[in-house]
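**Q** The structure's right below; bear with me while I get my questions together.
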Amino acid sequence: MPELFDKHGGFRRLHTFTLATIVQLDTLRFCRRFLTFDYRKAGTRFYDPRGRQYDQMTQAARSGRQNIIEGSERSSTSKDTEMKLTDVARASLSELRGDYEIFILDRGQLPWSVHDPEARAINAISLDNAPFKDNMVHESARHALEQRRKYARWLDVDDAVVVANAMLIIIGRALNMLKSQIGAQGKTFEETGGFSERLMTKRIAARENQKNGPSPKCPQCGKPMRQRKSAKGDFWGCSAFPDCKGTKAI
């Protein structure tokens, strides 16, 4: 019989989480560096943290990362919620990608082609697996910063358009990974069911144990069986009927 609660958490080992962390950190940095407000009377320029564009971009970046976390933590009791939150993370990062694209277009330039040498170089970067031992939060943060250094030659330049293009590619990579992640979550849900289904299976098994003693497992799917009646007498039938039609003689 399947366990009632799935394993949950583990988001810090995901490449999507690592990329989302880089995206949030460098979106904050991008907005501080390049989304400025010109105080003409003072003769100086300052970034405006209360500006609408600043707020929207930083919030979209935050939503991408935070929904990966929440979806992972909710996976033990609701695969459906996990998939929905992962999809929200993907939608938030898509929104952010649109902001970077407009930033480039507003300056009379085009986003890099996928065939551009710089774009190819960024896409060729491989992420290391997270080597966690016993200090998850600390090691996760260090791992994210180590992976971020692989993109530093593009993210640390003073040319805002270069930074925006690099962010477009990093976000695009995260979106592709999240799409695969949602597909894997859906396949797991299809194979093992959700929390409510497993809870019902355990409740059926408990009732059968109280009434008839321990019930056998279905020879076809392994789920607990229920005592049923027919014109030919009683028999064991799978609790998953009609999806499974396994039977067994009493």
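The values are calculated or read from the model by the stated rules, or taken from the named source; none is laboratory data. In this text the structure is predicted, and so the values were computed from the model without any measurement. Cβ: placed from backbone, ideal geometry, glycine included. Neighbour counts: every protein chain shown.
**Q** Kindly provide the set of residues from region 95-147 that are assigned to a helix (DSSP H, G or I), of a type in the set (D, E) and modelled with pLDDT of 95 or more, ordered by number.
**A** E95, D99, E101, E118, E146 - these are the residues of region 95-147 that are assigned to a helix (DSSP H, G or I), of a type in the set (D, E) and modelled with pLDDT of 95 or more.
**Q** I'm trying to understand the selection: among the residues of region 218-250, which are in contact with a strand residue (DSSP E or B) (Cβ under 8 Å, 6 or more places away or on another chain) and touching a residue at least 40 places away in the same chain (Cβ under 8 Å)?
**A** K223, P224 - these are the residues of region 218-250 that are in contact with a strand residue (DSSP E or B) (Cβ under 8 Å, 6 or more places away or on another chain) and touching a residue at least 40 places away in the same chain (Cβ under 8 Å).
**Q** Let me ask something else about it. Restricting to region 81-133, what's the tally of residues that are among the hydroxyl-bearing types (S, T, Y), surrounded by 12 or more Cβ atoms within 10 Å (Cβ to Cβ) and either closer than 15 Å to Y151 by Cβ or not assigned by TED's automatic domain parsing to the domain that holds R153 (or both)?
**A** 1
**Q** Scan region 58-85 for residues that are part of a helix (DSSP H, G or I), polar (S, T, N, Q) and at pLDDT below 90 and jot them down.
**A** S72, T81
**Q** Shifting gears a bit: Go through the residues of region 223-235 one by one and say whether even a single one is within 35 Å of the chain's Cα centre (by Cα) and modelled with pLDDT of 80 or more.
**A** Scanning region 223-235, I find at least one residue that is within 35 Å of the chain's Cα centre (by Cα) and modelled with pLDDT of 80 or more, so the answer is yes.
**Q** I've got another one for you. Before we move on, is F132 under 25 Å from E73 (Cβ atoms) and not basic (K, R)?
**A** Considered against the rule, which asks whether it is under 25 Å from E73 (Cβ atoms) and not basic (K, R), F132 comes out as yes.
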